[in-house]
Ligand code: PMP
């Protein structure tokens, strides 16, 4: 056994050296990473990933919020193989289409909220949001209102890494690289009660944050605004679940205004919040809905923009040709993988399971972690949650110095203890596969508790508490 482990370690060292020599990772400080060495994941099955040293780790992030049906499903591999044999590639640009695109579009129209009967395909969430910018502007121009080009988005939102996606996003660190945001994007406050709610109750703060939209509309002028975009729950921003008053107040503000509502469902789509779409969980009546991730559970890259009848009536009419498209949009093999993924979600009733079974079960255990002396708030909707780490419970206004340090310490303990969680500022976030079993949920919660204990001891040792 010892000999085998040594051999595996040599393998890891070899992987790391070769990776460091040629591979620039996403969202990584490569100098620091190469000094430490990457974790090498070689295999995954169900809720578990396996590294090159033979460690088994519970995938509490479902990859990057995407592997909704769990890893390694043979049915998807088979569907991919069948489609590869029939038609491995063709596009839908020039008067052509193909069966997987037709079937997937039909399925999405059936599963999405009733106003959505059309879809425009892309390869990723970022491309979906770039498409949104162009589609919103094209829509208003087609109606003779080309001045309605401003898109209102929110601070600390995440909408992707392309020029458009990162501009819609409200991440200051992203804007600081590459001269973003592009013109015509305006950011307002986020409904982050724990971090920014001051002395207001969550309900008061929800209304307050929504009214930032009304103020922005008054300042910029409705005649200049094309759309408001928001994630139903902010994911990468730290699983920020808006107060119950937020979305109803947004609806009131937009009700009689000529402004499109875009619900970025790249994370919240396909069961994550206990409904097919987060829009249903929060009562959001969107006009456009970017989707990706859970659409194929990440087995192959595919995304789309769901287009409501209100918008498609213009696009498939006075809009004429929309000069926009991607080589890999509606890729037949990715579409076949997505179709099979949706079949699994439906047949295994994973959405109901999140709403009625594993969702409430994990939420109860997660909320109990809120009793820990390090945790200022434990929140979770469906199967996406966060633990806010604070130095001086119950105060939520006092933060740790050097934001992110304690979060990173906790994240590293979590990995070491066998659970992938992600750190955002000084919080830990979670988004496991929707197939998580009760037994796996128990293991997850036990590791999270150990991780909090380890972090608490370390934070005390460092004199941060
Ligand atoms: N929108 C949201 C809400 C996201 O969370 C993400 C990715 N985390 C994106 C868009 C971008 O998707 P992609 O990484 O597939 O480009």
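Between the alpha-carbon centres of segment 265-326 and segment 377-405 there is a gap of 31 Å. Given N residues in the chain, what is Rg(Cα) / (2.2 N^0.38 Å)? Its radius of gyration relative to the 2.2 N^0.38 Å reference: 0.99. Mean separation of Cα pairs under 8 Å and 6 or more residues apart, divided by the residue count, gives segment 283-363 a relative contact order of 29 percent.
Spacing of the modelled spin labels on residue 109 and residue 461, each 7 Å from Cα toward Cβ, amounts to 6.0 nm. Segment 387-450 has equivalent-ellipsoid semi-axes of 24, 12, 10 Å, by the square roots of 5 times the alpha carbon gyration tensor eigenvalues, sorted largest first.
Between residue 17 and residue 78, the FRET efficiency estimated from the beta carbon spacing at R0 = 35 angstrom works out to 0.45. Under the classification rounded if a/c is under 1.5, otherwise prolate if a/b is larger than b/c and oblate if not, where does segment 172-323 fall, given a ≥ b ≥ c as square roots of the Cα gyration tensor eigenvalues? Rounded.
Sorting 418-430, 308-320, 283-295 by average packing, meaning the other beta carbons within 10 Å per residue, from highest down gives 283-295, 418-430, 308-320.
Taking the average, over residues, of other Cβ atoms within 10 Å as the packing measure, peptides 34-41, 209-216 rank 209-216, 34-41 from highest down. Note on segment 150-205 and segment 111-136: Cα centroid distance 20 Å, given to the nearest whole angstrom. Could you give me D for segment 358-465, from Stokes-Einstein at 37 °C and 0.692 mPa s, where the hydrodynamic radius is the Kirkwood radius over C-alpha pairs? Units µm² s⁻¹, please. Value of D from the Cα-based Kirkwood radius: 240 µm²/s. The relative contact order of the chain, computed from alpha carbon pairs under 8 Å that lie at least 6 residues apart in sequence, is 19 percent.
Sorting the segments 358-368, 121-131, 375-385 by their residues' average number of neighbouring beta-carbon atoms within 10 angstrom, most packed first, yields 121-131, 375-385, 358-368. In terms of its C-alpha gyration tensor, segment 121-261 has an oblate overall shape, because the principal axis ratio a/c (a ≥ b ≥ c, square roots of the eigenvalues) is not below 1.5 and a/b does not outweigh b/c.
Remark: the Cα gyration tensor places segment 186-241 in the oblate category, a/c being 1.5 or greater and a/b not exceeding b/c. Note on segment 437-455 and segment 60-102: Cα centroid distance 33 Å, given to the nearest whole angstrom. One chain, two ends: residue 220 and residue 392. Fully extended at 0.36 nm per residue, the span grows by 57.9 nm beyond their Cα-Cα distance. Contact order, relative form, for segment 105-261: 22 percent (alpha carbon pairs under 8 Å, 6 or more residues apart, mean separation divided by residue count). Compared with the alpha-carbon gap, the fully stretched path from residue 35 to residue 88 is longer by 15.0 nm at 0.36 nm per residue.
Each reported figure results from applying straightforward, stated rules to the coordinates on display, with no laboratory input. Please read all numbers here as calculations on a predicted model, not as lab measurements. Cβ coordinates were reconstructed from backbone atoms using ideal geometry, including for glycine residues, and neighbour counts include every protein chain displayed.
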